Structure formats: C-alpha cells, structure tokens
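The values are calculated or read from the model by the stated rules, or taken from the named source; none is laboratory data. The shown structure was predicted, so the numbers you read here are calculated from the model rather than taken from an experiment. Here Cβ is always computed from backbone atoms with ideal geometry, including for glycine, and neighbour counts include all displayed protein chains. Surface areas here come from the heavy atoms of the whole protein model, side chains and all, with no ligands, DNA or RNA. Shrake-Rupley method; radii C 1.70, N 1.55, O 1.52, S 1.80 Å.
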Amino acid sequence: MKTIIATALLGTAFLYAPAMAAAPCLQQSQIYSWDALNDRTLIVEDMRHQKFKLNLMVSCQHLQFHQRLGFKTFSGTALACLTRGDQVISGTEIGPQMCPIKSIEAYTPEMEKADKDAAAAAKAAAH
C-alpha cells in the first residue's frame, strides 16, 4: 500500500513539474539592467538577457528618472528568486523609497510589443 501511495504522489509531482519549472526566477545577483514603464512597473533584464516584468504594490515616485535601483530580498541570499513582498529601493531627495513587489512574470516578446504599441498610441494621442 505504501508503494502505491508513493507512486501516486510521485506521479502527481511530475504532472505539476512543468508548471513549477516555468515560474520565472529573477535572482538579485543576476540583474543586468532595468527600464521603468511607469512608477509601478519595471522591466528587468538578467545576465542571460531574459526579461521580467515587476509590478509594484505602490507607486514608486519618479521611477523612470532614477539611474540606480536596489533590490532587497527577504530570503537571506542573493541566489534566491525575487518574490512578492521583496523590495525595489530607489533613492529620493529625502532618502530611500521602499517599493514592495506585487508580482513578477516573464516578459515575453508579445508583452513587449503590446507595451510599445500602447506607448506609441499614448504619444500620438498627446500630440
């Protein structure tokens, strides 16, 4: 009976393995560059040139104008993946601003195209 239960559990784990493997993993120590779409959204690129979209819980003032950002994880290691609740730290005139991460997702070429099209439409509407 124990063998059947163990086999059933292993079978269930294998069914969910592709979904778990597909979860984006942005390591703090692997951040290469970033670009702010607005005060609540960052596109971060890692050393392997994979892109991630970070949505912030709150507005991080003037994010698009900052030349430096910090990333604080609560896992205790820079090798762990950034997760919900970790922080983006930006400097302001009055000190650091802590901006908690709401979500992290892989930034696909389709998402990038949609964001560029939206930005172009907003720019055209402004003129």
Completion exercise
For ASP35, the net charge from surrounding residues (Cβ-Cβ under 12 Å; K, R +1; D, E -1) works out to 0
Fill in the blank from the handout: Taking a ≥ b ≥ c as the square roots of the eigenvalues of the Cα gyration tensor, with a/c under 1.5 meaning rounded and otherwise prolate when a/b exceeds b/c and oblate if not, the range 55-127 is oblate
Problem - Charge dipole magnitude, Cβ of K and R +1, D and E -1 - the range 86-127, Cα centre, debye nearest 20 - result: 140 debye
Problem - MET57 accessible area, 1.4 Å probe, all protein chains in place, Å² to nearest 10 - result: 70 Å²
Handout entry: Accessible heavy-atom area order of HIS62, HIS127, highest first, probe of 1.4 Å
Key = HIS127, HIS62
Exercise for the section: Ignoring everything but the protein chains, give the 1.4 Å probe accessible area of ASP39 in square angstrom, nearest 10. Expected result: 40 Å²
Handout entry: Convex hull volume per residue in cubic angstrom - Cα atoms of the range 19-92
Key = 97 Å³
Practice task
Please calculate the 1.4 Å probe accessible area of THR108, with all protein chains present, and give it to the nearest 10 Å².
Solution key: 50 Å²
Fill in the blank from the handout: Descending accessible area (1.4 Å probe), largest on the left, turns ARG48, ARG68 into ARG68, ARG48
